[in-house]
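Written out below as structure tokens is the structure these notes cover.
The values are calculated or read from the model by the stated rules, or taken from the named source; none is laboratory data. Predicted, not measured: the structure shown is a model, and the values here were computed from it. Every residue, glycine among them, receives a Cβ derived from its backbone with ideal geometry; neighbour counts consider all protein chains shown.
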Amino acid sequence: MAVDQARLEEMLGKVMGDIGAAFTQRLVYVGDKLGLYKAMVGAGPITSADLASRTGTAERYVREWLAAQTAAGYVSHDNDTFTLSDEAAAIFADELSPAFVAGLTQVIASTYRDEAALTERFRSGAGLGWHEHDGDLYDATERLFRPGYLANLVESWLPALDGVVAKLEAGARVADVGCGHGVSTIVMAQAFPRSTFIGFDYHEASIDRARKLAAEAGVGDRVTFEVGSAKEYPGSDYDLVAFFDCLHDMGDPAGAAQHVLSTLATDGTWLIVEPFANDSLDDNAGPIAQIFYAASTLICTPASLSQEVGLALGAQAGEARLREVVTGAGFTRFRRATETPFNLVLEARP
């Protein structure tokens, strides 16, 4: 084996950076869970003792946590005091901020607990269903996606669809399939009070949580949630069917697409939001692709493999592959309506 020393050092530097980031994200999870970041918001310079007192934690642990946060560049310090900037607060403490990432850190933590099951699936080739994951994943997914829905769904994604906002304002029938905890459904219902919404998910615990959130949001009169799969959810003549970050998780996305077509009104729209990806692996580089491929390996691909067909599109399927699935099911119109650095927003019509 001939090792190029310069390339070795370059690769080792990257790996050490990734290892440092992995350890740091574990501490982000701890800080989020204990409320350390939230307690620093607006506090100005604060000592480890003051922060420990505010959060009911042990000062010596908090002091070391603050040192690690400082080394990571997340917190600044001056002598014995530490400060969380407004920018850092938007990332680590403000759950409604588009930049909030603690939900993603919580997703990562859940995959650590699933390690034994996932490793066994690598050997057997079997799937790992969404319902089989550590329970932290479900709350984490709610927290992860809520800021994006609040920032983009009503402001840019729905307006990018042909004629959909006008229908929603007048009063439309909407199905949100694979709705999870129903955050996307509730955001739409709050924006369009004349429309009615039904959220479907096969995971009963998520539907229970969605019903609770809808009641808390005051939209229970216009939003219902039912247990149902993407290939079997009931109803017809929907003006809009929405799939948010779930088509690639399905074992039979082509079968799901066929069912969507059968439930849409003749002039209805299918909104498909998927993780941003180019069509070639060579073009999917950088930290966002790294995150998406890792999540796909640990969560999305096992989910698909646990179901019938098990097509396993993966979270980086790309627009061309998604187009094949959708048009192959009989949709005649398919286009990229808009995008963000994290999402492809696709529109399909009968």
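Tell me, which residue of region 67-92 that is in contact with a Leu (Cβ under 7 Å, 6 or more places away or on another chain) and of a type in the set (A, V, I, L, M) is farthest from Arg143 (Cα to Cα)?
So, considering only residues that are in contact with a Leu (Cβ under 7 Å, 6 or more places away or on another chain) and of a type in the set (A, V, I, L, M), the one farthest from Arg143 (Cα to Cα) is Ala68.
Restricting the first residue to region 143-167 and requiring it to be in contact (Cβ under 8 Å) with a residue 60 or more places away in the chain and closer than 15 Å to Gly182 by Cα, which pairs with a second residue that is outside any loop (DSSP other than H, G, I, E, B) and among the hydrophobic types (A, V, I, L, M, F, W, C) meet a Cβ separation below 8 Å and a spacing of at least six or different chains?
Filtered contacts from region 143-167: Phe145/Val183; Phe145/Phe244; Tyr149/Val183; Tyr149/Val187; Tyr149/Phe244.
Is it the case, given these coordinates, that Gly129 is at pLDDT 95 or above and at positive phi?
no
Which residues, taken from region 220-256, are in contact (Cβ under 8 Å) with a residue 12 or more places away in the chain and among the small types (Gly, Ala, Ser)?
Answer for region 220-256, where residues must be in contact (Cβ under 8 Å) with a residue 12 or more places away in the chain and among the small types (Gly, Ala, Ser): Gly228, Ser229, Ala230, Gly235, Ser236, Ala242, Gly251, Ala254, Gly255, Ala256.
Since Asp282 meets every condition but one in (1) modelled with pLDDT under 95; (2) within 27 Å of Glu132 (Cα to Cα), which condition does it not meet?
All conditions are met except number (2).
Look through region 215-250, keep the residues that are assigned to a helix (DSSP H, G or I) and among the aliphatic types (A, V, I, L, M), and return whichever of them is surrounded by the fewest Cβ atoms within 10 Å (Cβ to Cβ). Working first, answer last.
Applying the first criterion (assigned to a helix (DSSP H, G or I)) to region 215-250 yields 215-217, 247-249.
After this cut, where a residue has to be among the aliphatic types (A, V, I, L, M) as well, the list is 215, 217, 247.
Numbers: Ala215: 12, Ala217: 16, Leu247: 24.
Here the residue is Ala215.
Within region 257-295, track down each residue that is free of Cβ contacts under 8 Å to residues at least 40 places away in the same chain, out of contact with any Asp or Glu (no Cβ under 8 Å at 6 or more places or on another chain) and either surrounded by 15 or more Cβ atoms within 10 Å (Cβ to Cβ) or among the aromatic types (Phe, Trp, Tyr) (or both).
Asn284, Ala289, Phe292, Tyr293
Looking at region 112-149, which of its residues are among the aliphatic types (A, V, I, L, M) and buried (at least 18 other Cβ atoms within 10 Å of the Cβ)?
Of everything in region 112-149, those that are among the aliphatic types (A, V, I, L, M) and buried (at least 18 other Cβ atoms within 10 Å of the Cβ) turn out to be Leu128, Leu137, Ala140, Leu144.
Could you grab me the full set of residues in region 28-41 that are more than 12 Å from Ala102 (Cβ to Cβ), buried (at least 18 other Cβ atoms within 10 Å of the Cβ) and not small (Gly, Ala, Ser)?
Met40 - this is the single residue of region 28-41 that is more than 12 Å from Ala102 (Cβ to Cβ), buried (at least 18 other Cβ atoms within 10 Å of the Cβ) and not small (Gly, Ala, Ser).
Scanning region 53-69 for residues that are of a type in the set (Val, Ile, Thr) and under 12 Å from Met40 (Cβ atoms), which turns out surrounded by the most Cβ atoms within 10 Å (Cβ to Cβ)?
Going through the qualifying residues, I end up with Val62.
When region 1-56 is examined, which residues are found to be in contact (Cβ under 8 Å) with a residue 12 or more places away in the chain and of a type in the set (S, T, N, Q)?
Thr24, Gln25, Thr47, Ser48, Thr55
Since Phe200 meets every condition but one in (1) in a helix (DSSP H, G or I); (2) in contact with a strand residue (DSSP E or B) (Cβ under 9 Å, 6 or more places away or on another chain); (3) touching a residue at least 24 places away in the same chain (Cβ under 8 Å), which condition does it not meet?
(1)
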